[in-house]
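Working notes for the structure below.
Since every read-out is calculated from the coordinates, none of them should be taken as a lab result. Just so you know, these numbers come straight off a predicted model, no measurement behind them.
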């Protein structure tokens with residue numbers, strides 16, 4: 001499990017709920033929506049964790065829902081170091 005900013009425990013709770021939703025058949029869209037909510041609050045700090053959660057989702061439907069949502073993040077919202085970390089995560093999981 002990815003850990004987010006300790007100063008914002010609510011974000012960690014939302015991430016854990018998203019993981020739970022992505023693990024339940026039929027709840028994948030809810031999990032993706034929760035990840036989207038995290039990104040709307042703190043895009044750069046949350047992107048790598050959200051990507052990690054998407055990549056390790058147990059079902060292909062969950063991965064597709066989460067990765068599809070992550071692909072919609074506008075490129076200008078993420079600093080280069082976050083993009084580099086994301087590319088490293090993707091290469092590690094492929």
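Data for the structure
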quantity: Over the chain, relative contact order from alpha-carbon pairs under 8 Å, at least 6 apart, %; calculated: 28
quantity: Given (i) -0.39, -0.68, -0.76; (ii) -0.47, -0.69, -0.75; (iii) -0.31, -0.57, -0.65, the label whose value is log10 I(q)/I(0) by the Debye sum over Cα atoms at q = 0.12, 0.16, 0.17 Å⁻¹ derived from this model; calculated: (iii)
quantity: Helical contribution to [θ] at 222 nm, DSSP H n ≥ 4, -39,500 (n - 2.57), averaged over the chain, rounded to 500; calculated: -22500 deg cm²/dmol
quantity: Stretchable slack from residue 61 to residue 30, in nm (0.36 nm times residue separation minus alpha-carbon distance); calculated: 10.0 nm
quantity: Residue with peak Gaussian network fluctuation, the chain [Cα springs, cutoff 10 Å], from 45, 29, 80; calculated: 80
quantity: Most fluctuating residue given options 78, 39, 70, as computed from a GNM of the chain linking Cα atoms under 10 Å; calculated: 78
quantity: Pairwise centroid distance, computed over Cα atoms, of the range 80-94 with the range 25-50, Å; calculated: 17
quantity: Candidates 66, 33, 57, ranked by Gaussian network fluctuation over the chain, Cα under 10 Å, top entry; calculated: 33
quantity: Net length gained if the chain between residue 91 and residue 77 were fully extended (0.36 nm per residue, minus Cα distance); calculated: 2.9 nm
quantity: Length added when fully stretched, residue 23-residue 44, from 0.36 nm per residue minus Cα-Cα; calculated: 5.1 nm
